[in-house]
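Okay, structure first, notes after.
The values are calculated or read from the model by the stated rules, or taken from the named source; none is laboratory data. Bear in mind the structure is a predicted one, so any value in this text is a computation, not a measurement. FYI the Cβ positions are ideal-geometry reconstructions off the backbone, even for glycines, and counts take in every protein chain you see.
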Amino acid sequence: MGLVESGKMPKPLTKLLNMSRRYSMWVYQWGLACCAIEMGAAFASPRYDVMRLGVIPLPASPRQADFLVVSGTVTDKMAPAVRRLWEQMPDPKYVISMGSCANCGGPYWDSYSVTKGVDQIIPVDVYVPGCPPRPEALLEGIVLLQERIMNEDMAERWKGDPIVVE
Amino acid sequence: MSMTSESDQLAYIASQAADARVNVEVETDEGMTLNLGPQHPATHGTLRIIAKLDGEKVVAAEPIMGYMHRGYEKLTEVRTYPQVTTLVNRIDWLGSFANEVPFILAAEQLMEVEAPPRAQWIRTILFELSRIANVCLFLGDMAVQIGATTPVFYAFRDREFVLNQIERVTGGRFHPNFDRIGGLKDDLPKGWIEETRGALNRMTDFCDEMEELVLGNEIFQARTRGIGTIPSDVALAYGLSGANLRASGIDWDIRRDANVGLVYDQVDWKVWTHPDGDSFARFWVRLQETREACNIIDQLLGTIPSGPIMAKVPRIIKVPPGEAYVATENPLGEMGFYVVSKGDLTPFRVKIRSASFSNMSIAPWVLKDVFVPDIISILASLYFILGDIDR
Amino acid sequence: MSEIPEHLLKRAQAAREKAESSQEPTDNASPTKETNSQTTVAVADESPIQEIDEKAEEILERISKGLGQKLISSHIAPNRGLWIRVSSDDWRETAQFLRDQLDCRFFDWLSVIDWMPSPYGRELETEQDVDSQAERIEDQPIEWGYTGGKTRFQLITRVYSISLGIGVMVKADLDDHNPRALSLIPVYPGANWHEREAREMFGVTFDEHPDLRNIYLPGDFEGHPLRKDYPLLSRRIKPWPGIVDVEAMPGEEK
């Protein structure tokens, strides 16, 4: 893919590549707390069925994953492990923060052992609010992420400037 | 090499690894140290097991927790009584409603308030529904840990019907926050009782399905029969409770023997025990309990008394000084709240006795001299939830 | 109170008054069937209350006979439980006695209570978390709960006898400056993790415990979080919003 690195990707090719990336995403599920069950319901239950969105759950390792769902409370003890797993994922990688705890600490905003938001350790692309969010909310978060990928200029990542996370 | 020095060595490695910065998979002449977790499918979240192996045999195993420690006991000291239920919902996140009940009952004991009969009935029904929602996932998950993938999909499918019923009453799929001191937030919606009967039929079908699919399976039996046997006296000394204790042959159930505030004495039901104490027994007991829960709910649905759902309580709740301990038979085992009040808006001290913490404390004992694959099946059969261990 | 908007308070007041005025008619209107079921439930509950009370008295008698001078004080809350207090020197012996003589083989839990007065949650005012008032309250005299006490830290454990159907709560005073007691592991192996937790959360040392490492917190964590003088720093930065819930209770009309 010399073309991507050089930054001279033709527009139609970018679109094609983005579309194929968008509909074949391996998700690494980092189930931490209550939200993990709703994530499990979204990924493993026939009622919500995430595969229709082109998302494939249960990769063998973070090295094969395209995006990460951090669902649940991140504690200060867990934080180094979260960071480390994220570092193991190949670029381009995306993060969905699921649930109030991962977004900002949630009900544990004043706890002595909880990290107030996973965005303190890794960049987050999509925040899904709720305590816990319904499986449908997570699916919407995934759709939003897919839109983001669709509109992405792939060469951007190679130009040196990091993508700013809103 | 003597046993003590090996456990010392393990303790050293575990303390090195405890902050998740060190990965330990060390192979030396004396054996191998194996690390499971903190992110591992078999640990239901963020438990970490460090095992010292001799070939395929586990010489010593050390669970490391705290990756999900959220400081509930401290946070309850800075929340008012009604706010505490929001927090304690999230301890055992599969059967949330069951977590609120012991706390509310302890506060009611101190305030000398009793919920009206109708509220007690609905509480008991929701309590048992959350038991089904909880144990249902265990039945599927246990099979996954043994290597069968299908049952967990069935469990997620059928669990939705129970969650729907809980949601229709409380508005939350699994963090209802529905219990109030002195009663309940709301009454049952119209038509709910009939729909619940339908959901119960589905659940009994699910239990039958699990029995056919899993229990009689040859591989399942080979992997669970005689594995991880816990004798009854050891189980008691470690404080095992719930189905784990009953699977070791001890006929003790808080719902029957030390019931507080719920209406189990109005129902004709049975406590299931199994004499073996192995992984198979624990699965079997939980399966029977799910059926029994359907039976209990079915009887209660027919006898809900009419009347108010809320006793008279003051607008701003100040609990009189005193101490109270109330335990209930939660899906995971005995969950109790020791509430110390000094007459303020917030509890002075809340000690949370969670079932999984005690259930897991037997792990170093039971994981000794088993084979590596059995770690997974034994842990799955002990059935813990990380929030319930770490709190 | 200043945090709550005026109009919300007024609304809550109005709702309360309305509910109070409409209380009587709803009581009268309740069907007779309900009162019937209420009485039957009450009657069914009546007899066990008496029975358990007598049981607790009887058990307490057996305990005081067995422990003799070691039993400092006791408390029975009718139908709710049995508390006893011993010296921390007799801690393990008491547990041994309860296990062997009273068949309390089920180890329930072990913890510590820090009786230092807490500045939080006394008033509806919100400033306590940031105010220097917090320090003044900590100087106030200590009030103990059931069975009384002498020192700031009190060890508490609950053991249960399945054959007798009663749980016993045992308390022991610990030294203020050097809180320590003998570990219960030889009596109840399950005490291991509970003692590790108590050590970590309160700084209580358990002698003869094989392995008093941190169980929850990372190794480099400083302080003992469940002590009353351990501040929650997030709250100092952003204080507690106070009572803002003025939604009408069920049964109350808007």
Taking the criterion of being among the hydroxyl-bearing types (Ser, Thr, Tyr) and modelled with pLDDT of 85 or more, would at least one residue in the range A:50-68 satisfy it? no
Hey, among B:PRO308, B:PRO331, which residue is surrounded by fewer than 23 Cβ atoms within 10 Å (Cβ to Cβ) and not β-branched (Val, Ile, Thr)? B:PRO308
Among residues of the range A:47-97 being farther than 12 Å from A:TRP30 by Cβ, surrounded by fewer than 16 Cβ atoms within 10 Å (Cβ to Cβ) and among the charged types (D, E, K, R), the residue nearest to the other protein chains (Cβ to nearest Cβ) is A:ARG47
Members of the range C:78-97 that are closer than 22 Å to C:TRP144 by Cβ and either assigned to a helix (DSSP H, G or I) or within 11 Å of chain B (Cβ to nearest Cβ) (or both): C:PRO78, C:ARG80, C:GLY81, C:LEU82, C:TRP83, C:SER88, C:ASP89, C:ASP90, C:TRP91, C:THR94, C:ALA95
If we keep only residues of the range B:367-391 that are buried (at least 23 other Cβ atoms within 10 Å of the Cβ) and among the aromatic types (Phe, Trp, Tyr), then the residue nearest to the other protein chains (Cβ to nearest Cβ) is B:PHE384
Among the residues of the range B:85-95, is any assigned to a helix (DSSP H, G or I), closer than 19 Å to A:ILE37 by Cβ and among the small types (Gly, Ala, Ser)? no
Tell me the residue from B:HIS44, B:HIS69 that is closer than 21 Å to B:SER361 by Cα, surrounded by 21 or more Cβ atoms within 10 Å (Cβ to Cβ) and modelled with pLDDT of 85 or more, please. B:HIS69
Regarding B:ARG349, is this residue touching a helix residue (DSSP H, G or I) at 6+ places or on another chain (Cβ under 8 Å), more than 22 Å from B:CYS136 (Cα to Cα) and buried (at least 22 other Cβ atoms within 10 Å of the Cβ)? yes
Which residue pairs have Cβ atoms under 9 Å apart, sit 6 or more places apart or on different chains, and have a first residue in the range B:137-149 that is within 14 Å of B:LEU379 (Cβ to Cβ) and a second that is of a type in the set (Lys, Arg) and crowded, with 24+ Cβ neighbours inside 10 Å? B:PHE138/B:ARG286; B:MET142/B:ARG282; B:MET142/B:ARG286
Suppose we filter the range B:256-292 for residues that are in contact with a Lys or Arg (Cβ under 7 Å, 6 or more places away or on another chain) and of a type in the set (Phe, Trp, Tyr); how many remain? 3
Residues that are surrounded by fewer than 24 Cβ atoms within 10 Å (Cβ to Cβ): which helices (runs of 4 or more DSSP H) entirely in the range B:208-254 hold 3 or more of them? B:218-224, B:232-237
Only listed residue being under 18 Å from the mean Cα position of the chain (by Cα), facing another protein chain (nearest Cβ under 10 Å) and of a type in the set (Val, Ile, Thr), chosen from B:VAL326, B:VAL285: B:VAL326
Of residues in the range B:240-256 being more than 23 Å from B:ILE122 (Cβ to Cβ) and within 11 Å of another protein chain (Cβ to nearest Cβ), the one nearest to the chain's Cα centre (by Cα): B:SER241
Could you identify the single residue in C:HIS194, C:HIS209, C:HIS224 that is at pLDDT 85 or above, more than 23 Å from C:SER73 (Cα to Cα) and more than 10 Å from every other protein chain (Cβ to nearest Cβ)? C:HIS224
Unique residue being surrounded by fewer than 16 Cβ atoms within 10 Å (Cβ to Cβ) and touching a strand residue (DSSP E or B) at 6+ places or on another chain (Cβ under 8 Å) when the list is A:LEU138, A:LEU144: A:LEU144
Out of (1) more than 14 Å from chain A (Cβ to nearest Cβ); (2) under 25 Å from A:SER45 (Cα atoms); (3) part of a loop (DSSP other than H, G, I, E, B), the one B:HIS175 does not meet is (1)
Is at least one residue of the range C:49-60 assigned to a helix (DSSP H, G or I), within 14 Å of another protein chain (Cβ to nearest Cβ) and modelled with pLDDT under 50? yes
Could you check the range B:79-124 and list, in sequence order, the residues that are farther than 29 Å from C:ILE76 by Cα and under 17 Å from the mean Cα position of the chain (by Cα)? B:LEU87, B:ASN89, B:ARG90, B:ILE91, B:ASP92, B:TRP93, B:LEU94, B:GLY95, B:SER96, B:PHE97
Considering only the range A:28-45, how many residues are more than 7 Å from every other protein chain (Cβ to nearest Cβ) and under 23 Å from A:GLU87 (Cα atoms)? 4
Only one of these conditions is not met by A:GLY106: (1) under 16 Å from the mean Cα position of the chain (by Cα); (2) within 13 Å of chain B (Cβ to nearest Cβ); (3) crowded, with 19+ Cβ neighbours inside 10 Å; (4) within 22 Å of A:GLU140 (Cβ to Cβ). Which number is it? (1)
Given (1) crowded, with 20+ Cβ neighbours inside 10 Å; (2) within 14 Å of chain A (Cβ to nearest Cβ), number of the condition B:GLY183 does not satisfy: (2)
Of the residues in the range C:203-215, how many are on the phi < 0 side of the Ramachandran plot, in a loop (DSSP other than H, G, I, E, B) and out of contact with any Asp or Glu (no Cβ under 6 Å at 6 or more places or on another chain)? 5
All positions within the range B:191-207 that are in a helix (DSSP H, G or I) and among the small types (Gly, Ala, Ser): B:GLY198, B:ALA199
Top-ranked residue in the range B:348-366 [being over 24 Å from B:ALA143 (Cα atoms) and within 8 Å of chain C (Cβ to nearest Cβ); ranked as nearest to the chain's Cα centre (by Cα)]: B:ARG353
